[in-house]
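This report refers to the structure that appears directly beneath it.
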Amino acid sequence: MCPRLKIAFAAALLGAASLAGLYASAETITFSGQPISGGPPFVSDTEGSFTVTPFTGVFSVGDTFGDPVPDLYLSQSTATIQVTLTDGGDFTFSSIDLASFPVSDGSYQLVGLLNNIQQFSAGGPLPGTGTFLNYNPGVSSDLIDSLRITLTSPFAESDLDNIVANPIPEPSSLLLLATGSLAAAGAIRRRSI
């Protein structure tokens with residue numbers, strides 16, 4: 001194999017491995033960068049590729065619960081946060097840890113949007129067990145650019161933590177990979193003729 005062909009082939013393989021890693025690398029938003037003194041109101045959080053911001057209502061940063069501490073808890077009976085990629089791209093959603101404490105049962109609603117069009121909606125009750133439960137709504141293949149998470153509890157006793165989502169590479173990255181693979185295949189074909 002000629003040196004140029006080896007370089008082209010190695011570049012195509014490296015590009016494929018890099019993109020495969022992007023597809024397989026789910027990220028967990030833990031709110032670990034939030035201040036945990038006295039439950040301040042939640043303003044925003046950027047972790048890895050994702051940004052979480054308040055959408056409606058008020059969440060506070062919890063300094064007692066979470067895995068790891070802190071978490072976000074309701075500061076009023078209903079509130080919504082929004083999860084987006086920091087660069088504005090697309091992603092998939094896998095799961096979230098939710099809790100409602102024994103004072104009352106709560107409920108949750110997850111809405112995935114792509115270009116402001118609803119792609120999925122999942123929700124239900126949060127039993128007042130006082131412990132976090134992992135909720136996986138089975139929508140991990142739905143491509144979205146925004147996830148809205150709403151918690152409702154009459155006595156503001158619901159918490160959330162550990163949002164798991166997976167950034168998806170931009171189409172231009174996939175085009176670059178395809179071009180490199182085709183160039184390598186063409187070079188191999190020319191070499192064998």
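Scanning the range 51-83 for residues that are surrounded by fewer than 20 Cβ atoms within 10 Å (Cβ to Cβ) and under 11 Å from the mean Cα position of the chain (by Cα), we see that the one that is farthest from S158 (Cα to Cα) is T51.
Could you please give the count of residues in the range 30-50 that are hydroxyl-bearing (S, T, Y) and either buried (at least 18 other Cβ atoms within 10 Å of the Cβ) or at pLDDT below 95 (or both)?
4
Looking only at residues of the range 163-172 that are in a loop (DSSP other than H, G, I, E, B) and open to solvent by 20 Å² or more (accessible area, probe 1.4 Å), we find that the one that is farthest from S49 (Cα to Cα) is E170. Find the strands (runs of 3 or more DSSP E) located wholly in the range 92-162 whose residues include 1 or more that are surrounded by fewer than 22 Cβ atoms within 10 Å (Cβ to Cβ), in contact with a strand residue (DSSP E or B) (Cβ under 9 Å, 6 or more places away or on another chain) and without any contact (Cβ under 8 Å) to a residue 60 or more places away in the chain, and list them. In the range 92-162, the matching strands (runs of 3 or more DSSP E) lie at 106-114, 117-126, 133-135.
The values are calculated or read from the model by the stated rules, or taken from the named source; none is laboratory data. Keep in mind that this is a model prediction, so the values were computed, not measured. Reconstructed Cβ throughout: ideal geometry from the backbone, glycine too, with neighbour counts over all protein chains shown. The accessibility values were calculated without ligands, DNA or RNA, using every heavy atom of the protein model including side chains. Shrake-Rupley method; radii C 1.70, N 1.55, O 1.52, S 1.80 Å.
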